[in-house]
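Coordinate-derived values only; no laboratory data. As the structure is a prediction and not an experimental result, all values here were calculated from the model. Quick reminder, even Gly has a Cβ in these numbers, built from the backbone with ideal geometry, and neighbours come from all protein chains shown.
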Amino acid sequence: MLGYFKYANFFIDSWVTAWGAVGVEMHASTLQIILPVGISFYTFQTLSYSIDIYRNRLEPTRDFISFAAFVSFFPQLVAGPIERASALLPQLLKPRTFSDERASSGIRLALWGMFKKVVVADRLAGWVDVYFAAPEELAGGDAALALVFFGRQLYLDFSAYSDIAIGIARMLGIELMTNFRRPYFARSFSDFWERWHISLSSWFRDYVYIPLGGSRNGKWRTWRNVLVVFLVSGLWHGASWNFVIWGGLNGLFLIAVDPLLTRFKGRVQRVVAPLVVTAGWCLSLAFFRGQGWGGATEMLKALMRGGGSAAVELLGTTEAEWRLAWWSIVAVLALDAWGEWHEFRAKPLSWSPPRWIRWAGYAVVSWAIVLFGIYGVNLDDAQFIYFQF
Amino acid sequence: MTHDSPFKFGLRAVAVAAVVVAGVLVSDGIWLFQAPLNNNPHVEKRWEALRKLHHDSIPLDVLIVGNSHSYTGINPKHLSAELGANAFVLANNGTNWADSEWMIREALNYCSPKVIVLETYGCDHSEPGMEGKTHFVDQVRAYRARNEGRIHWESAWDLFSYDELPAALSPTLLNHHYTWTDPERVKSNFRRKRAIDGPDLEGLFLGRFVRFTTGLTDSLLTKYVDDGAPVDGNELTMSEANLTAGEAIAELCTERGIELVLLSLPMYKEHVAHMAEWTSRREVAWTERMPGVEHLNFQELSDLADEPAYFENTYGGNQHMTLTGSIAATGYLAQNLMQRYDSILPSRDETAAWHELFEGEEGYYAFQTPQNGDATASTWARQATFESYQIQDILSFPTNKDKVVAIQLRMAQPDAGEPAPPKQLRTQWLFRVNGDSAVQRALIPLEIAPHLTRDDVVRYRHFIKPDITLLKLEGVGR
C-alpha cells in the first residue's frame, strides 16, 4: 500500500529517466495519486504489529475497537511517534484513571510543543523558505545560516509535534514513547540517531538492521547494513533521490566519522563532538530541504563561496524579530542543555514548584504564544513538516 | 492532599485559559495592537456620522452602499444639493456585497432611506472566507466600524470563517505581529491607552472620501494603446455568496418599502477588455436573482467613460474615479434618481432648516440659490441677460476648505436653435488684495464646467486666491 501510494510515481519517473540516460526514450504517464496523510507512520505501526505476531513476540488482539484505536490513535496518527503494539495496545485495553500529575505533565508538554512550533519553528520556516528559494544567490554566511536555521526548524517543528502528541495522549492516560532526546547534544552520529526520531530509528533497528545481521558479522557487513538502513530511511522520508542521498550521507557519517569522534574523551568530547555531529547533520540537510539535486548542490556551493551574512535585510525581517528568534532558539537550547546536564549527572530533575507557579507558568507560555506566535491572516504559518511524510 | 479529580483539573485549566483570554481582552480594551488609521479613519467616521445624523434627527433619503468605488465615485453633498434631499455614502474599501448586506441591515437602525443605491463592483470583487490578507483586514475594519450588538454578532458568523473569527473579533490576535514588526507602535499605543483619537466629526460628513485629484496621464493612455486593457472582463466572475447577499438585500428592501437600484460606476473605456460580455453576464445573473431591480450602467455613458480626467491614473485592476469624475457621475445619478423617484423623494430644499444644514457645503451653490441671510456666498448678479443668454446668478464663495474662492456663473441652456453657450466668459471686477488698500481692476475668465453642466443649466467657474476681496462686478463679456 505504501509502495503504491508513495513510490509508484517515483519508480516510474526513475525508470524513464534511467532509460533516457542510455538514449532510450520512453513515455510513461504518472499516476494521479493523492498521498494519504500520515501513511508512512501508520503503515510502519501496523507493520510492526504484524511482524511481532509473526515472530511470536505478540499475541494478536481480538478486540477490534482497541486495534482500531491503536492504528488510528489521533494524537500520533499523522506524524508519530510510531508506536509498537506491545507498548500501546495494553494501555488501550486496560481501564484508565485520571491522574492530576499526568494530566498536568501532559498540558506542560503540549504547551511547550506549541511554543516551539508556533513561536520558533514557524518563524524560522519563513526565513528558510527565502534562503532555499535562491541558494545560488547566497553568500557563504547566509548559506551556513540557512542550514543551521533549517536544522533548528526541523528539530523544533517535529519535536513540537511529538511533544503535543505525547502531551495529549498523557492527558488521556496513554504514555507514548519519547521521540526526541536533545539530539544536538549527541556525541556521535550513532548517538544522534538514538536521540532523533527515536521511534523510527528504533523501528529500523529492530525490523531492518538486526534482521540483516546487525553488527554481528564483521565490519564490512555492519557497514553494509548501516548503509541499507539509512538509504531505506531516506526513501521512507520521501520518494525522491534527494532523500536517498540524505540518508546515504548520514550512513556514511556514521561509518566514517564516528570512529574519529570516539577518540575524543571527557569535556572535549562533550563539547566538540556535538558540534561536529551538528555540522555534519546540517550539511546533509541541504539534500533534505533543497529543491532537487540542483538546489542541494547550489546550497553547498554557496557554503564554499565565502562571504558574510546580510540576513536581516535579505530576510526582510526587523531587528526586533531577529533578536526574538535568537532568544527563542537560545531558550530552547538552554532548556535542552539543562536536561542534558541532569542526565549527565544521573540526577533526574526533581524540582517541583508549587502548583500556582506551575499554572502561572502555563499562562505565561500561552501568552508568549499569543504575542510572539506566527499565526493569523497576516502571517504565513506553516504546517508540520512531517505531515508530508 | 491529592487532586486527582478531572473536574478540579478542568477548573484550573479553564482558569488559566480565562486569564489568557482576559489578557487579550485587556489588550484589546487599551488598543495595544490597534492598527494605524492612516490619519483618515473614514470607515469608522461614516458609521459615527450616520449615528450622529440619527441622533440629530436628520433623515436620510438616499443611501449609497458599496466599496471604494462608491465613496470615490459618488459625491453625496453634490447629490444632496442637486436632489434637494439627503444622501449618504456608506462604503468601505475592499468589501463586497456580503458586507454590504450587513451594512444595510445595521444602517436601517439609524435611517429610513427611500432609495438604496447598491454599487455593483462588490458583486465581482471577492467572496467572504476566500479573501486575501488585504481584503481580510479591510473586512475586519469594516466589521469593527459597525457596533450594533445582535446584527454585529450575527454578521460575524456570516462574514468570517471559524478560523478567521478570533482575529476578526480581536485586534490583539490580528495585529500581535506588531510586537516584532512595529514595537514602537505598541509602545505608543500603550502610552496613549484609550486616548487614540476617534474620527473627527466637525462639520457635515456624508461619506465621501476622494483620494484622486488628477486623471489619466498621456503615458498611461499610450500604454492602453500599446499593451491593451489591464482587466479582462471574462475573468471577472460573480461569487455565489455575493449574489445570495444581493438577493437578501433586494428582499430586505422590498420588506421595508425601499427602492433598490444597482449602479455600475465606470472605469476608463480602455481599462476593461470584453466589457460587453462582462456586463451581459452580470445583468443575466441579476435579472434572475434580483428581478425587478433596475441597473444604472454608467459604463455605457461615453461622456463619463471616455474622459481621461475622470479616472485614477492607474493601470492596476481596480480603477477609481477622480474628484471631478465623481462630480460628473454624481450628476448622472441625480438625474436618474429624479427621473425615477421624484415622487417619493422629499423636497427638503423647501425648508430653511435644510438650507442651514447644507449652506456652504460642497456642491450647494452649484445647485441651490443662496437663501436670505446666507453668510457664506456673495451674490453679484441675479436674473440678468447677457446677449441672448439668461444668466441666473453670479456668485463667489469659499471652497475646498477655504483654500480658494470660486466665482460661479449659472446660465440657462439656450433654447433649441439658439447659439451654443460659449466655452468661456470674461468678467470684469474691482478688487483689493488683503492688506493692501489699493483698489484694482481685472478681467477674470470663467470656464465652462462640463461636470457641473446639465440639460437645463450651464455652469462656469474660476477659482481665485482667498486673499483677494472682490468689491464689484463691472460686467460680463466674451
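The loop-placed GluC sites (Glu not before Pro) in the range A:75-138, going by DSSP, include none that has at most 14 neighbouring Cβ atoms within 10 Å of its Cβ.
Assuming R0 = 30 Å, what is the FRET efficiency of residue B:273 and residue B:211, from their Cβ-Cβ distance, to the nearest 0.05? Efficiency, from the Cβ-Cβ distance: 0.75.
Legend: ranking of residues B:240, B:283, B:119 from fewest to most surrounding C-beta atoms inside 10 Å; resulting order B:240, B:283, B:119.
Starting from the Cα-Cα distance between residue B:288 and residue B:222, subtract it from 0.36 nm times their residue separation and give me the gain in nm to one decimal. Please list the in-between numbers first.
Details: separation 66, 0.36 × 66 = 23.76 nm, distance 3.95 nm.
Full extension of this stretch gives 19.8 nm more.
In the distance distribution for the range A:111-237, Cα-Cα pairs more than 19 Å apart total 61 percent.
At an R0 of 25 angstrom, the distance between the Cβ atoms of residue A:270 and residue A:300 translates into a FRET efficiency of 0.30. What's log10 of I(q)/I(0) for chain A at q = 0.10 Å⁻¹, Debye sum over Cα points only, no solvent? Debye output, listed in q order: -0.75.
Could you let me know the centre-to-centre spacing of the range A:54-115 and the range B:19-89, using Cα atoms, in angstrom? About 55 Å separates the Cα centre of the range A:54-115 from the one of the range B:19-89.
Sorted largest first, the principal axis extents computed over the alpha-carbon atoms of the range B:145-294 equal 54, 49, 39 Å. Here the spin labels are modelled as points 7 Å beyond Cα on the Cα-Cβ line, and at residue A:313 and residue A:133 they lie 1.8 nm apart.
For the pair residue A:217 and residue A:63, the difference between a 0.36 nm per residue extended length and the Cα-Cα distance amounts to 51.3 nm.
Put simply, the amide H of residue A:83, placed in the peptide plane, has no neighbours under 5 Å, leaving out anything fewer than 5 places away on its chain. Applying 1/(1 + (r/R0)^6) with R0 = 41 Å to the Cβ-Cβ distance of residue B:335 and residue B:17 gives a FRET efficiency near 0.10. Between the range B:416-478 and the range B:265-309, what is the C-alpha centre distance in whole Å? For the range B:416-478 versus the range B:265-309, the Cα centre distance is 37 Å.
By the rule of a C-alpha distance below 13 Å, with chain neighbours fewer than 8 residues away ignored, the aspartates and glutamates paired with residue B:52 are B:44, B:200, B:202. Our note on the geometry: Cα centres of the range B:361-382 and the range B:152-192, 47 Å apart. When the trypsin sites (Lys or Arg not before Pro) in the range B:288-394 are filtered for DSSP coil states and for at most 14 other beta-carbon atoms within 10 Å of their beta-carbon, no site remains.
Short version: what are the Cα gyration tensor semi-axes of the range B:361-442, square root of 5 times each eigenvalue, largest first, in whole Å? Don't jump to the answer; show the numbers that get you there.
Working: eigenvalues 131, 62, 27 Å².
Semi-axis lengths for the range B:361-442 are 26, 18, 12 Å.
The value obtained for the protein assembly as shown, namely the Cα convex hull volume divided by the number of residues, is 262 Å³ per residue. All Cα-Cα distances of the range B:47-113, cut into 10 Å bins from zero to the largest, leave 22, 54, 24, 0 percent in each bin in turn.
For the listed residue pairs B:403/B:465; A:117/A:301; B:77/B:472, the alpha carbons are over 18 angstrom apart in A:117/A:301; B:77/B:472.
Taking the radius of gyration and the Kirkwood hydrodynamic radius from Cα positions alone, what is the Rg/Rh ratio for the range B:335-478, to two decimal places?
Values: Rg = 16.3 Å, Rh = 16.5 Å.
With Rh from the inverse mean 1/r over Cα pairs, Rg/Rh is 0.99.
Look at the alpha carbon pairs under 8 Å that are at least 6 residues apart: their mean separation over the length of chain A gives a relative contact order of 22 percent.
Here the protein assembly as shown carries DSSP beta bridges of which approximately 70% are antiparallel, counting only pairs with both residues inside.
Counting neighbouring beta carbons within 10 Å and listing from fewest to most, the residues B:231, B:458, A:268 come out as A:268, B:231, B:458. Stretched out straight at 0.36 nm per residue, the stretch from residue B:192 to residue B:232 would grow longer than its current Cα-Cα span by 9.7 nm. Neighbours of residue A:310, meaning other residues whose beta-carbon lies under 14 angstrom from its beta-carbon, give a summed charge of -3 when Lys and Arg score +1 and Asp and Glu score -1.
Rounded, prolate or oblate: which fits the range B:323-410 when a ≥ b ≥ c are the square roots of the eigenvalues of the alpha-carbon gyration tensor, with rounded for a/c under 1.5 and prolate only if a/b beats b/c?
Working: a/c = 1.38, a/b = 1.29, b/c = 1.07.
The shape class here is rounded.
Each listed q (0.18, 0.26, 0.27 Å⁻¹) maps to a log10 I(q)/I(0) for the range B:7-52, found by the Debye formula over equal Cα scatterers with no solvent: -0.70, -0.91, -0.93.
Which semi-axis lengths, in whole Å and largest first, follow from the square roots of five times the eigenvalues of the Cα gyration tensor of chain B?
Numbers: eigenvalues 429, 149, 97 Å².
Working through the eigenvalues yields semi-axes of 46, 27, 22 Å.
With Rh defined as the Kirkwood radius, the inverse of the mean 1/r over Cα pairs, the Rg/Rh of the range A:207-364 is 1.06. Projection of the Cα convex hull of the range B:1-114, averaged over all directions and equal to a quarter of that hull's surface, yields 11.7 nm².
Each helix, a run of at least 4 DSSP H residues, gives -39500 (n - 2.57); summed and divided by the residues of chain A, these come to -20500 deg cm²/dmol at 222 nm. So what is log10(I(q)/I(0)) for the range A:78-121 at q = 0.28 1/Å, when the Debye sum runs over its Cα atoms only? Those come out to -0.99, one per q. In plain terms, the bigger the Kirkwood radius, the slower the diffusion; for the range A:16-166, with that radius from Cα pairs, at 25 °C and 0.890 mPa s, Stokes-Einstein puts D at 127 µm²/s. Identify, among A:344, B:399, B:388, the residue whose Cα sits farthest towards the positive end of the charge dipole of the protein assembly as shown, taking +1 on the Cβ of Lys and Arg and -1 on the Cβ of Asp and Glu, with the dipole about the Cα centre. Comparing the listed Cα positions along the dipole, A:344 ranks first.
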